[in-house]
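The values are calculated or read from the model by the stated rules, or taken from the named source; none is laboratory data. The shown structure was predicted, so the numbers you read here are calculated from the model rather than taken from an experiment. Positions of Cβ are backbone-derived with ideal geometry, glycine not excepted, and every protein chain shown enters the neighbour counts.
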Ligand SMILES: [Zn+2]
């Protein structure tokens with residue numbers, strides 16, 4: 001039911017390692033295909049891959065090298081600002097600010113490419129308003145700008161939804177509290193909802209009312225923090241899309257939080273990965289994460305997490321990973337990414353098995 005998905009790992013981890021970690025779904029970010037304005041369109045890029053590859057697997061699988069379900073995310077996943085402009089009588093274009101710079105994306109082309117590529121599902125590129133816009137102007141001016149941006153965003157969403165054709169690919173619709181009322185009448189076109197992470201900073205307050213206002217559909221969210229992830233699951237999010245294991249690894253962090261795996265196994269003598277039991281947790285909470293830059297790990301001969309069954313913990317010591325981290329050797333990041341991914345999967349498994357007890361236990365420990 002729950003999946004940790006990531007695109008950030010793909011360039012660094014071999015496909016079989018990802019499969020071994022138990023990742024069931026891989027997210028491909030549409031913006032990955034548009035590194036610059038001059039880059040070829042997605043369809044041509046994939047056509048080229050198909051031509052050069054001997055594999056008979058689907059084109060998106062060839063891009064990732066994986067034989068798993070793919071969700072295609074639009075370039076707007078982490079956008080700060082998106083506009084939708086009438087550039088000619090016939091063509092509407094999305095203007096997106098992405099981590100790769102300013103890009104153009106027109107909705108008809110997006111639909112055409114998604115239909116041709118047939119991912120397991122696709123997220124419609126709808127604009128949303130970030131919680132803040134970096135600005136040198138005064139707070140009051142920024143607030144006015146935000147209000148106008150939000151108004152324009154709602155108009156844009158309405159225009160796109162009115163023009164949206166039905167597609168053979170299941171579409172997931174991004175929603176915010178500002179767009180929920182506009183999106184709801186079009187509910188039949190969508191197989192699920194998507195909540196971008198930038199709008200759910202104040203997760204506890206904003207997410208439940210938003211989800212309650214929408215017709216029941218599977219809900220996917222982008223989150224970059226285990227605590228936010230657990231809170232989102234509690235609020236009703238069913239699919240988590242995150243590059244967290246990789247972004248943490250890049251910062252030299254090893255995820256070591258309680259995974260709830262020992263709740264079910266308690267009393268059977270089994271101690272699961274990296275966890276303290278709920279009773280001992282009161283006196284000794286499992287650390288949330290380890291900073292592998294820290295010199296205190298220099299001579300530690302234990303694994304990142306005692307009892308962790310991942311590839312890294314069964315082979316390498318903290319001292320070795322610390323060394324690889326401080327000399328900036330890429331394998332340090334890769335090892336942390338493998339462990340972090342495994343650990344997130346353990347947490348997701350723990351929640352699937354232990355349900356509310358694990359969710360509440362986790363929030364009590366780290367919230
Ligand atoms: Zn591990």
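Tabulated data
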read-out	value
Condition met for residue 149 (over 25 Å from residue 71 (Cβ atoms) and in a helix (DSSP H, G or I))	yes
Criterion violated by residue 201 - all others in (1) modelled with pLDDT under 85; (2) surrounded by fewer than 14 Cβ atoms within 10 Å (Cβ to Cβ); (3) part of a helix (DSSP H, G or I) satisfied	(3)
Long-range neighbours under 6 Å by Cβ, at least six apart or interchain, first residue part of a strand (DSSP E or B) within the range 165-179, second surrounded by fewer than 17 Cβ atoms within 10 Å (Cβ to Cβ)	none
Residues of the range 336-367 satisfying the condition of being over 15 Å from residue 237 (Cβ atoms) and within 16 Å of the ligand (Cβ to nearest atom)	336, 337, 338, 339, 340, 341, 342, 343, 345, 346, 349, 350
Residue match in the range 297-315 (condition: away from the ligand (no atom under 13 Å from the Cβ) and part of a helix (DSSP H, G or I))	yes
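So that you can scan it fast, the table gives a plain yes or no per residue for (1) at pLDDT below 90; (2) under 23 Å from the mean Cα position of the chain (by Cα):
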| site | (1), (2) |
| --- | --- |
| 253 | no, yes |
| 275 | yes, no |
| 278 | yes, no |
| 292 | no, no |
| 295 | no, no |
| 307 | yes, no |
| 324 | no, no |
| 330 | yes, yes |
